[in-house]
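S.K.: The structure follows.
The values are calculated or read from the model by the stated rules, or taken from the named source; none is laboratory data. Just so it is clear, the structure is predicted and the values come from calculations on it, not from any experiment. Please note: Cβ atoms are built from the backbone with ideal geometry, for glycine as well, and neighbour counts cover all protein chains shown.
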Amino acid sequence: MVAVLAVLVIIGAVIVPSLGGFYGNTKQRAAADIVRTRLAEARAKAMERGTPFRVAVNTDHNRIRVAPDTEDFASTPADDPPSYNSLCTEDKLDEATVELIAEPGDERQTDTGGWITVATMRGDGSSKEARSTTVSIKQRDFAPILIQVRGLTGQARTVAGTPKGGQP
């Protein structure tokens, strides 16, 4: 009886650590998909409705928001659940965090609601921001996923490595 229990404990000690490997960085990859989706959605909404839409991340690093680029960007209520017809969508990330890495000389201001603009899409499909920026999506124990958002065009692409090779 004790031997069977000991064998079960040993098997459990071997199997439990590998269970985390089944999930890997799925939350991080899902967060990267959300960022790219929200950028594309903001462009489509801006072109369809003829009004600029802003994509922003919060200073708490856990939320991303898409809403019309107006003075009440931060206070516009987000639809739950979000849909394409939503005026404002806000996504809360579970285990991943999102952070903006601006180019030197590009100091993006934080608004009163704690939102930092990633891109503002205009009705013609272009971006209001002239400089490119990088969005870093992190999850514990995994290398960050970097998404570069190009200035003027607002096109997003996943890039390899860290900006400037990790140099300050």
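S.K.: Among the strands (runs of 3 or more DSSP E) contained in region 7-112, which hold 2 or more residues that are within 14 Å of Val135 (Cβ to Cβ)?
M.R.: Once the strands (runs of 3 or more DSSP E) in region 7-112 are filtered for at least 2 residues that are within 14 Å of Val135 (Cβ to Cβ), what remains is 53-58, 63-68, 97-102.
S.K.: Which one of the conditions (1) out of contact with any helix residue (DSSP H, G or I) (no Cβ under 6 Å at 6 or more places or on another chain); (2) surrounded by 12 or more Cβ atoms within 10 Å (Cβ to Cβ); (3) in contact (Cβ under 8 Å) with a residue 12 or more places away in the chain does Thr112 fail to meet, given that it meets all the rest?
M.R.: (2)
S.K.: Same structure, new question: What residue, of Ala67, Ala46, Ala6, Ala13, is among the aliphatic types (A, V, I, L, M) and closer than 25 Å to Lys138 by Cβ?
M.R.: Ala67
S.K.: Is it the case that Gly105 is over 30 Å from Gly24 (Cα atoms) and touching a helix residue (DSSP H, G or I) at 6+ places or on another chain (Cβ under 8 Å)?
M.R.: So Gly105 does not fit the description; no.
S.K.: Please enumerate the residues belonging to region 121-142 that are surrounded by fewer than 20 Cβ atoms within 10 Å (Cβ to Cβ), more than 16 Å from Ala30 (Cβ to Cβ) and either among the aliphatic types (A, V, I, L, M) or within 16 Å of the chain's Cα centre (by Cα) (or both).
M.R.: Ala130, Ser132, Thr134
S.K.: Moving on. For Thr89, state whether it is of a type in the set (S, T, N, Q), touching a Lys or Arg at 6+ places or on another chain (Cβ under 6 Å) and buried (at least 19 other Cβ atoms within 10 Å of the Cβ).
M.R.: The answer is no for Thr89.
Matching residues to (1) farther than 22 Å from Met47 by Cα; (2) touching a strand residue (DSSP E or B) at 6+ places or on another chain (Cβ under 8 Å):
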| position | (1), (2) |
| --- | --- |
| Asp79 | no, yes |
| Val98 | yes, yes |
| Glu107 | yes, no |
| Thr120 | no, yes |
| Gly125 | no, no |
| Pro144 | yes, yes |
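S.K.: Take the conditions of a type outside the set (Gly, Ala, Ser), within 18 Å of Val35 (Cβ to Cβ) and modelled with pLDDT under 95 and apply them to Gln139. Does it pass?
M.R.: So Gln139 fits the description; yes.
S.K.: Let me ask you something else. I'm checking my understanding of the structure. Among residues of region 52-72 that are β-branched (Val, Ile, Thr) and touching a helix residue (DSSP H, G or I) at 6+ places or on another chain (Cβ under 8 Å), which one is nearest to Thr117 (Cα to Cα)?
M.R.: Ranking the qualifying residues of region 52-72, first place goes to Val55.
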